[in-house]
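The structure appears right after this line, and notes come after that.
The values are calculated or read from the model by the stated rules, or taken from the named source; none is laboratory data. Keep in mind the model is a prediction, meaning the values are calculated, not measured. Note that each Cβ is placed from the backbone with ideal geometry, even for glycine, and that neighbours are counted across all protein chains shown. In case anyone asks, the SASA skips ligands and DNA or RNA and just uses the protein heavy atoms, side chains included. Shrake-Rupley method; radii C 1.70, N 1.55, O 1.52, S 1.80 Å.
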Amino acid sequence: MKVFLWGLLIVALCYTAYSGMIAAWSWIAVNNAVDEIITKDGIEAVAEKEIKRRIMAATNEAGVPLTENDLIVTLKDRKVKVEAIWTIPVIVVKGESVLAVPLSVRRASSGAAKR
C-alpha cells in the first residue's frame with residue numbers, strides 16, 4: 001500500500017511539473033510573438049485588426065492557438081497596447097476543462113515617445 005501511495009505521489013508531482021512547463025512555454029511563446037510584432041517600426045500606422053491577425057498567426061505558428069476573444073489590441077495616441085489573456089487546461093474531463101492555468105501578456109509600443 002505504501003509503494004502504491006508513493007507511486008501515486010510521484011506521478012502527481014511529474015504531471016504537475018509537466019503542466020507547469022507547458023504553461024511556461026506557452027507564456028514565453030506568446031510573449032515573444034507579441035514583443036516581436038509590437039517592437040517593429042511603424043506599427044502605429046497599422047490597423048488594430050491587422051495587428052491582431054499578425055499576433056494570432058505568430059502564436060498559432062508557435063503552437064499556442066489564440067482566438068479573437070483572447071486578444072485586445074488598442075491604438076491610442078500613436079501607441080499600440082496589446083493584452084492577451086488565455087488559459088492552459090490542466091485537467092480535462094469529458095472534453096471540458098476542470099482545472100486551467102490562466103496566463104496573460106500585456107505590452108505597449110513606445111511609439112508615443114518617438115514624437
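Okay, here's what the table says:
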{"item": "Two-site FRET efficiency, residue 91 against residue 1, from Cβ-Cβ distance with R₀ of 35 Å, rounded to 0.05", "result": "0.90"}
{"item": "Average Cα contact separation per residue, the chain, under 8 Å, 6 or more apart, as relative contact order %", "result": "23 percent"}
{"item": "Charged-residue dipole, Cβ positions (Lys, Arg, Asp, Glu), the chain about Cα centre, Debye nearest 20", "result": "260 debye"}
{"item": "Given charges at Cβ of Lys, Arg, Asp, Glu: the chain dipole, positive-most of 98, 80, 13", "result": "80"}
{"item": "Projected label distance in nm at residue 22 and residue 61, using a 7 Å step from Cα toward the beta-carbon", "result": "2.5 nm"}
{"item": "With every protein chain in place, the chain: carbon and sulfur % of accessible area (1.4 Å)", "result": "62 percent"}
{"item": "Å² of accessible area per residue within the stretch 1-47, as computed with a 1.4 Å probe and no ligands counted", "result": "72 Å²"}
